[in-house]
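Taking it in order: structure first as structure tokens, then the write-up.
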Amino acid sequence: MSTAIVIFGATGDLTARKLIPALYNNFCKRRLPENISIIGFARKPYTDDIFRDKMKEAIAAFALDDYDENKWREFAPRIFYQQGNFEGSEPYNALSAKIDALEVPAKNCLYYLATAPEFYMSVVARLAEANLLKEENQNGYRRIIVEKPLGHDLQSALVLNHEFHRVLNENQIYRIDHYLGKETVQNLVVLRFGNAIFEPLWNRNYIDHVQISVAETVGVERRAGYYDQAGVLRDIFQNHLLQILTIIAMEPPATIQADALRNEKVKVLTALREISKEDSAQATVRAQYEGYTSEPGVGLHSTTETYAALRVFIDNWRWQGVPFYLRSGKMMKEKSSDITIQFRRPPTQIFDVQTGTTELFTNCLTIRIQPDEGIHLRFMAKVPNHGMQTRPVEMDFHFRDSFGVNAIPDAYERLLLDALNGDASLFTRGDEIQLAWSFIDGVRSGWESDFAPPLLSYRPNTWGPDAANNLLGSDGRWWIHDSKVPHGSDPASET
Ligand code: BG6
């Protein structure tokens with residue numbers, strides 16, 4: 001059956017950097033459906049040819065696979081352009097005519113909303129008016145993919161979901177969180193439920209605490225218009241961080257079908273303990289990098305946080321009493337996203353531990369989402385030729401060693417294919433979004449109350465403010481990334 005992908009906001013960064021390169025890579029791997037057409041829809045007065053030229057440049061610059069002129073010549077005739085503003089009706093009628101006039105008129109339609117979020121509602125409403133959303137007479141599917149942010153708080157997310165549901169069924173809506181498209185995030189499900197050795201230990205009896213960290217080296221870049229309104233809590237915590245948390249904490253789903261998985265994730269979000277206003281100052285840290293208010297587009301007196309760290313709890317049988325420490329920041333020392341499962345200490349210590357490593361004699365499983373994707377397990381070993389002295393060592397798995405250097409595709413490749421195939425398991429459902437907002441709104445109201453922690457400042461190229469160390473320090477813990485055992489190195493040489 002023939003398929004059209006319509007990208008709204010097709011002249012923006014996302015289309016050039018991610019969507020078209022991902023579609024091209026899938027095309028080269030022969031994974032796209034037959035008779036596929038890609039129609040860019042945006043305000044700029046481009047023709048098909050101008051748009052194709054721009055997309056050619058984008059593929060050459062951003063596709064992970066090598067650009068191949070022959071493949072491009074095969075791919076290019078499938079690309080079209082429809083000019084129009086997002087709010088008028090006429091461009092949508094023209095779009096409808098364009099879809100009908102394709103060499104093989106499209107039966108299936110996937111609409112990608114890569115516009116600024118304020119246009120989501122009008123694009124969907126206009127599509128419905130032009131009768132482009134109705135699935136009738138088994139005439140193919142009509143689906144939308146929506147980018148984050150999906151609202152800026154619970155109330156706005158409810159309104160958005162309500163408007164979508166007026167003209168679409170939930171199973172036609174694919175809300176993207178690109179972290180779920182990362183191979184390493186999908187591998188979390190395999191690690192937990194495709195192996196028998198971890199699950200028996202995956203609970204409060206064996207796990208001391210969990211850390212989830214998304215650190216970036218970039219600052220606000222050219223996105224101040226969006227970011228200064230959002231801040232890291234909305235930009236990263238509400239979606240990527242909470243999504244990782246749900247996968248780490250969920251119960252085994254009966255299958256990996258979309259609803260089975262998402263039901264389990266929803267249970268975690270339901271059990272996530274709200275951070276009360278009174279707890280705000282001792283359970284949260286917020287900070288802004290030095291120089292943020294001088295960034296282009298940022299208000300001189302902006303109080304937007306670019307860094308946050310939270311201590312959260314999940315109130316269920318499996319996780320009662322186990323803290324989950326979440327942190328994310330811009331302008332940090334390293335770009336890295338990690339999950340650390342810190343196991344409990346042995347009940348007694350009968351061996352001598354090498355000087356300087358005592359605080360490390362716990363087992364620790366670090367899952368590196370990016371870069372250098374892999375998994376590392378720290379355990380104690382006997383130091384040869386030193387009596388019964390012990391010290392921590394690491395067992396390492398790197399994706400690149402086992403599967404090759406180019407094994408990891410961009411997240412959008414997988415997500416676009418899944419949406420085309422009707423598999424929503426890596427997309428977030430409406431109720432997940434709402435629960436996540438409800439938690440984030442709670443944190444924000446603490447920050448707006450008399451109990452708010454101060455907005456601290458931190459130097460770029462650091463791991464954030466000292467207060468974030470105290471958040472764990474006051475519990476007798478520390479951020480593993482800052483510990484003395486960097487992945488794969490020799491701890492003895494560090495002491
Ligand atoms: C996006 C955020 O969702 O994720 C950006 O809006 C952030 O601010 C980006 O830079 C990080 O994604 P990744 O894949 O580079 O970790």
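The values are calculated or read from the model by the stated rules, or taken from the named source; none is laboratory data. Given the structure is predicted, the values throughout are model-derived calculations rather than measurements. Don't worry about glycine lacking a Cβ; one is built from the backbone with ideal geometry, like all the others, and counts go over all protein chains shown.
Data for the structure
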| read-out | value |
| --- | --- |
| Cβ-Cβ under 8 Å pairs, at least 6 apart or on other chains, region 7-19 side farther than 16 Å from Y174 by Cβ, far side charged (D, E, K, R) and at pLDDT below 95 | A16/E57 |
| Residue match in region 144-152 (condition: buried (at least 22 other Cβ atoms within 10 Å of the Cβ), in a loop (DSSP other than H, G, I, E, B) and within 16 Å of the ligand (Cβ to nearest atom)) | yes |
| When residues of region 330-349 are limited to those that are closer than 14 Å to G374 by Cβ and among the β-branched types (V, I, T), the one nearest to the ligand (Cβ to nearest atom) | I339 |
| S280, sole failed condition from (1) under 20 Å from the mean Cα position of the chain (by Cα); (2) more than 16 Å from the ligand (Cβ to nearest atom); (3) not in a strand (DSSP E or B) | (1) |
| Condition met for A60 (modelled with pLDDT of 95 or more and among the small types (G, A, S)) | no |
| Test result for T255, of a type outside the set (F, W, Y), more than 21 Å from M332 (Cα to Cα) and not in a loop (DSSP other than H, G, I, E, B) | no |
| Residue check for R234: outside any helix (DSSP H, G or I), of a type outside the set (V, I, T), out of contact with any Cys (no Cβ under 7 Å at 6 or more places or on another chain) and within 16 Å of the ligand (Cβ to nearest atom) | no |
| Members of region 221-231 that are in a loop (DSSP other than H, G, I, E, B) and either of a type in the set (F, W, Y) or away from the ligand (no atom under 11 Å from the Cβ) (or both) | R222 |
| Search result, residues across region 296-327 that are among the small types (G, A, S), more than 24 Å from R477 (Cβ to Cβ) and surrounded by fewer than 16 Cβ atoms within 10 Å (Cβ to Cβ) | G297, G299 |
| Some residue of region 211-220 being within 16 Å of the ligand (Cβ to nearest atom) and among the charged types (D, E, K, R) | yes |
| Any hit, region 239-260, residues being within 16 Å of the ligand (Cβ to nearest atom) and of a type in the set (G, A, S) | no |
| Region 104-131 - residue that is without any contact (Cβ under 8 Å) to a residue 60 or more places away in the chain and more than 32 Å from the chain's Cα centre (by Cα) and, of those, surrounded by the most Cβ atoms within 10 Å (Cβ to Cβ) | A130 |
| Members of region 321-347 that are over 18 Å from A215 (Cβ atoms) and part of a loop (DSSP other than H, G, I, E, B) | G321, V322, P323, R344, R345, P346, P347 |
| Any hit, region 120-140, residues being in a strand (DSSP E or B) and touching a Leu at 6+ places or on another chain (Cβ under 9 Å) | no |
| Number of positions in region 69-83 that are more than 14 Å from L23 (Cα to Cα), in contact with a helix residue (DSSP H, G or I) (Cβ under 7 Å, 6 or more places away or on another chain) and at pLDDT below 95 | 0 |
| Single residue of A271, A287 found to be among the aliphatic types (A, V, I, L, M), crowded, with 22+ Cβ neighbours inside 10 Å and farther than 27 Å from H376 by Cβ | A287 |
| Residue that is modelled with the lowest pLDDT [pool: residues in region 184-199 that are within 16 Å of the ligand (Cβ to nearest atom) and in contact with a helix residue (DSSP H, G or I) (Cβ under 7 Å, 6 or more places away or on another chain)] | V185 |
